[in-house]
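**Student:** Can you read through this structure? Questions will come right after.
The values are calculated or read from the model by the stated rules, or taken from the named source; none is laboratory data. It should be emphasised that the depicted structure is a prediction, and the values quoted were computed from it without experimental measurement. No Cβ is skipped: glycine too gets one built from the backbone with ideal geometry, and neighbour counts run over all protein chains shown. Only protein heavy atoms, including side chains, enter the accessible area calculation; ligands, DNA and RNA are left aside. Shrake-Rupley method; radii C 1.70, N 1.55, O 1.52, S 1.80 Å.
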Amino acid sequence: MSTLGKILIIDDNPKLLEDALPMYGYEVKSATDGLLGLKILSEEKEPFDLILLDVVMPNLDGWETLKSIRDNENTKHIPIIMLTAVNEDNKQISGLKFGADDYITKPFILPNLLARVEALLRRSNWSNQKKHTSALPFVTSQPISPLTSREKEILQLVAKGASNADIAQKLFVREVTVKTHLNSIYKKLNVDNRVQAVLLAMQTQIIDS
């Protein structure tokens, strides 16, 4: 029987996703920590279409697991959604550098997760079919307005993990000015926060990854 996609869940508490995803047409396998997840990836004959990867796990956490997956030639192209209870933008942005494709903050609403899974799989399939190296924007299909040179400069600093205070000090402006620029960036890119802005900017090559 065909499925919408084959998903590996790497989470120390995978039951909700194990039960729910097959009901929506997905084939799933699960591992309760990063080491088991890497073992399944190395042994599985048919490749996975997507990985749902928790951040906080025993033995090997999500960040180290993510780096290992991206360092492996056989698995580095698999789309990965990070599942994190830590809603800290700077940590999430650091994760983007390791190769995360998207984030869902726990506790999540299942329809939201399903929508993100569907969008990421659709984008991945489009990229494979077109043999295109850059991914489609994950958050919006709306036109993206051009950023000013100052906005690009600020977004590049955000991508390096700089806080608003750090950016203000580096650019010799007030912190409220940085916030104003960021709000303008979010509006132009049709995103809600700095993590989404950085991810979309990297995907569309507005800034260097």
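**Student:** Give me, ordered by chain and number, the residues 5 or more places off residue 78 or on other chains with an amide H under 5 Å from its own placed amide H.
**Tutor:** Distant-sequence amide H within range of residue 78: zero hits.
**Student:** Ignoring everything but the protein chains, give the 1.4 Å probe accessible area of residue 180 in square angstrom, nearest 10.
**Tutor:** 90
**Student:** So if each residue of separation counts as 0.36 nm, and I subtract the Cα-Cα distance between residue 110 and residue 177, what length gain in nm does that give?
**Tutor:** 20.4 nm
**Student:** If I stretch the segment between residue 42 and residue 29 completely, what's the gain in nm (0.36 nm per residue apart, minus their alpha carbon distance), one decimal?
**Tutor:** Once the chain is fully extended between residue 42 and residue 29, it gains 3.3 nm.
**Student:** For residue 26, what residues show an amide H to amide H distance below 5 Å, using hydrogens built from the backbone and excluding near sequence neighbours?
**Tutor:** Sorted by chain and number, the residues that satisfy this are 4.
**Student:** Moving on to the next point. At a Förster radius of 25 Å, what calculated FRET efficiency corresponds to the Cβ-Cβ distance of residue 119 and residue 19, to the nearest 0.05?
**Tutor:** 0.70
**Student:** What whole-number value in Å² describes the accessible area per residue of the stretch 1-40 for a 1.4 Å probe?
**Tutor:** Averaged over the residues of the stretch 1-40, the accessible area is 54 Å².
**Student:** Could you please state how large a percent of the accessible area of the stretch 19-80 is carbon and sulfur, counting protein chains only and using a 1.4 Å probe?
**Tutor:** Answer for the stretch 19-80: carbon and sulfur cover 50 percent of the accessible area.
**Student:** Give, in nm to one decimal, the length gained when the segment between residue 193 and residue 150 is fully stretched (0.36 nm per residue of separation minus the Cα-Cα distance).
**Tutor:** 13.7 nm
**Student:** Which pairs break 20 Å Cα to Cα here: 152/188; 15/106; 6/29; 152/179; 67/188?
**Tutor:** 67/188
**Student:** Moving on to the next point. If 93, 109 are ordered by their accessible area, calculated over protein heavy atoms with a 1.4 Å probe, which sequence runs from highest to lowest?
**Tutor:** 109, 93
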